[in-house]
């Protein structure tokens, strides 16, 4: 089954031990000044082991993969992982999009990958697989956004971008349902009731969270019509986002606006245009959200927490920049956040996201990458991450050298061990 920051530290030497193709990183954390300060001994018992990177997909003119990037892992059954990503053909193929609607899937926890549609469609194949000549860069969504498993075991997912009906403050999306993760029904229309002030496209985040009463929440972001923009902020489609949660009490057939996770605040330094939110319900019952802040400038990720099942949210201090953050809480209670730009990185928390440390660099800031890194726990305390690189020869990881313009989606397994006394995260001990 997939299981879908105290005092400043002095810089210490980081020992890297390479054994059997794996890199093991342990000891006190090396914390950038942008992070919340933490006790230098707090993470001593945390051991992070990085496996050897492996190729999932590459640019290849023969298969019309001119570029592959922006990966997103989706868990939609007990045994299968699906991977969606941007795909575009090379110039020799007229810039066509890759003719696959389900680019990759794995039935063995990410060790091996297949390409094509992994599902049996009870209502017929949902849409064509052909790209059109001259079509713009396209993300093959895979209906895995807002993914959640209901109390009765039903898996649900939907398209990433809704069709916005401005005059009636509604949006329409398409969703799919399955009781076993193999035979799927849909896509069928899903209705969203929006709050006043929405003026442009609504985008769904990768995962939803199940609430104790059986209802569930999904996060989304949209362009908001701020009535009085801050005078120091040039409000446009890159800064006037709002991230909100929507609730469904009918198994994902319809959603209503529930609450705002974050808006652009009065103080510019606190983060503009919160977008690309991820939400996770922790073992202690808190719902934690992390969001990208603004588009064109590296600004800190916005972190918010709800202790009342998403009704209200409180911002928390966090100063590390990044895009498209994604959480994973492992079986041993360690909270990991993957994020990128610059580079691709991981952060860890031992106290339900209240403090962070042990920054682990997956690809450095000078490497060309979209910075979109995705993650899911595939075995107890083992996390699969997927990220991209552009123009970086694979000889840096392998013994052979591919074409110089190679663009790759890499996979890597991260093993997370903790030898200290973990904080009890159960609600009765909070």
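Rule-based calculations on the coordinates, nothing more; no lab input. Since we're looking at a predicted model, the values are computed, not measured. Neighbour counts run over all protein chains shown; Cβ positions are idealised from the backbone, glycine included.
At an R0 of 22 angstrom, the distance between the Cβ atoms of residue 256 and residue 316 translates into a FRET efficiency of 0.25. Quick check: from the Cα gyration tensor, does region 256-388 come out rounded (a/c under 1.5), prolate or oblate? Taking the square roots of the gyration eigenvalues as a ≥ b ≥ c, region 256-388 is oblate. Between the beta carbons of residue 188 and residue 79, assuming R0 = 25 Å, the FRET efficiency works out to 0.55 to the nearest 0.05. For the peptides 163-173, 357-367, 210-220, 333-343, the ranking by mean Cβ contacts within 10 Å, running from highest to lowest, is 333-343, 210-220, 357-367, 163-173.
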